[in-house]
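The values are calculated or read from the model by the stated rules, or taken from the named source; none is laboratory data. Only a predicted model underlies this, so the values are computations on that prediction, with no experimental measurement involved. So basically every Cβ, Gly included, is an ideal-geometry build from the backbone, and we count neighbours across all protein chains shown. The accessibility values were calculated without ligands, DNA or RNA, using every heavy atom of the protein model including side chains. Shrake-Rupley method; radii C 1.70, N 1.55, O 1.52, S 1.80 Å.
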Amino acid sequence: MKNFKKGLIYAGVLAFCIGFGAYIYCNSIKKKIPDKLYIYKQDKAVFSMDIPVVGTVYDSSNNICADNIDFGKQVTIQSGNTGQYYVDYKLFGLLSVARTHMEVVDEKYIYSGGFQVGIYLKCNGVYVVNTETICTYDGQNVVPAKGKINKGDYIIKVNGSQTDTKEQLLQAVSESAGNSMDITVRRDGQEIEEQIIPVKNVAGEYKIGIWVKDDTQGVGTVTYVCEDGTFAALGHGISDNETGKVLDIKDGMIYRTRILSIVPGKNGEPGELLGTIDYREDNIGSIRRNTDKGIYGENAYSLYKEYSPELMKAAGSYEASKGTAYIRFYNNGSFHDYEIDITDLKYGDSKNITFKVTSGELLKLTNGIVQGMSGSPIIQNGKIIGAVTHVFVDDSTCGYGIFIDRMLDKDEKETN
């Protein structure tokens, strides 16, 4: 009987391990499948996903256009006229794992970036970086905000009054005289009201035990710009270092920047572009959104006029291939295309392009990819296929990129 019970336990553990392993495996497959794909009309899209799934293509009326497509092999899809389609995937042809929204569109042309700008963002509320312990005047250690305000929250009201700046918050706390305060925060899209009692610290000042900020700034690279003054940059969102969350912004501006020097990257220590941002000059564009695919803005007419960027086709992700490509980077008053080797392509997550810098000139200049180069266009076969997003921490000669159609999708989806 005892052995039988042990057998049941082992069988249960084995079933759990198998089930959990299957769950992990399915998720790993889903990450390789794009949520959305753009294919240009009357074009052949070639994919090499190399995953054990079988796909079925449906049109917008749910009619089957193609069935039993084996994505474990190289797949070619011939598009027709513009329209909406869907691809459903089944793992090993049995288990439904994902769906891709596939849109057939007209060709898209944009002006290539590669030049740096100063970036200033204003948070949409007062952003809570972290909480802290306050040593009170009578020697106690307390955290007034504990369990009520979390890092990553946005304080939007104090005692019913709108609060946009950290100065407004500090003044309200200072004038509280230790009385309870009603503080409204935005957390995961929901407004939550908490009551917090400030305490007097050893210096005789009232505090609620939080670190906050209401803006952020830095240097980044523009990916593309259009004649109408719209632009996109970075290829990733501007996030808080503590939480890793993309900052929710109210608005922002871009300014001219002058790169003074380049600190080359080292293994385990990313390099960076060091420059000055002249906030005394008028801004050269306004930022309307900060997203996980980059920052997007408008009114940057001067960028188009000043840099005379090249008009290029924005390639669909299916047009990217392993092998030689180029990073476009503005340096010493002109554009330079530096050779890279694309070593891997993934269609699911944001790290779509994995590459290694092979240009001796760029390696001598930066030792690979440095902070501030995020957003630099990646060019292959005369088309913009993506933008640089990250550097390998342990190898500055290697980096990641995002497909340009992912950036354009985010731009168009949130504009319409």
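Here the accessible area is traced with a 1.4 Å probe on the protein chains. For segment 259-396, carbon and sulfur cover 46 percent of it.
Go ahead and set up a Gaussian network model of the chain, Cα springs under 10 Å, then flag whichever of THR354, THR389, THR221 fluctuates most. Result: THR354 has the largest fluctuation of those listed. In this simple spin-label model, placing a label point 7 Å from the Cα along the Cα-to-Cβ direction at both ILE24 and GLN190 gives a separation of 3.1 nm.
For the chain, the share of DSSP beta bridges that are antiparallel, to the nearest 5, is 95%. Within the accessible area of segment 133-208, the carbon and sulfur atoms contribute 42%, probe 1.4 Å, all protein chains present.
For the peptides 238-246, 283-291, the ranking by packing is 283-291, 238-246, with the highest mean count of neighbouring Cβ atoms within 10 Å listed first. Computed with a 1.4 Å probe over protein heavy atoms only, the accessible surface of the chain comes to 50 Å² per residue. Full extension of the segment from ASN81 to SER61, taken as 0.36 nm per residue of separation minus the current Cα-Cα distance, would add 5.7 nm. With the cut-off at under 13 Å, measuring from each backbone N in segment 233-270 to a point 7 Å along the Cα-to-Cβ line of GLN217 picks out 253-258. Span-like helix check, the chain: no full DSSP H segment qualifies, none having both a Cα axial length of 18 Å or more and a mean Kyte-Doolittle of 1.6 or more.
Stokes-Einstein diffusion of the chain at 4 °C, 1.567 mPa s viscosity, Kirkwood radius from Cα pairs, rounded to a whole number: 53 µm²/s. Checking the table LYS207/LYS266; LYS90/LYS351; LYS151/LYS383; LYS36/LYS250; LYS36/LYS157; LYS148/LYS250 against a 32 Å threshold on Cα-Cα, which pairs fail? Result: LYS207/LYS266; LYS151/LYS383; LYS36/LYS157 exceed 32 Å.
Among the GluC sites (Glu not before Pro) in segment 167-204, those located in a DSSP loop and surrounded by at most 12 other Cβ atoms within 10 Å of their own Cβ are GLU175.
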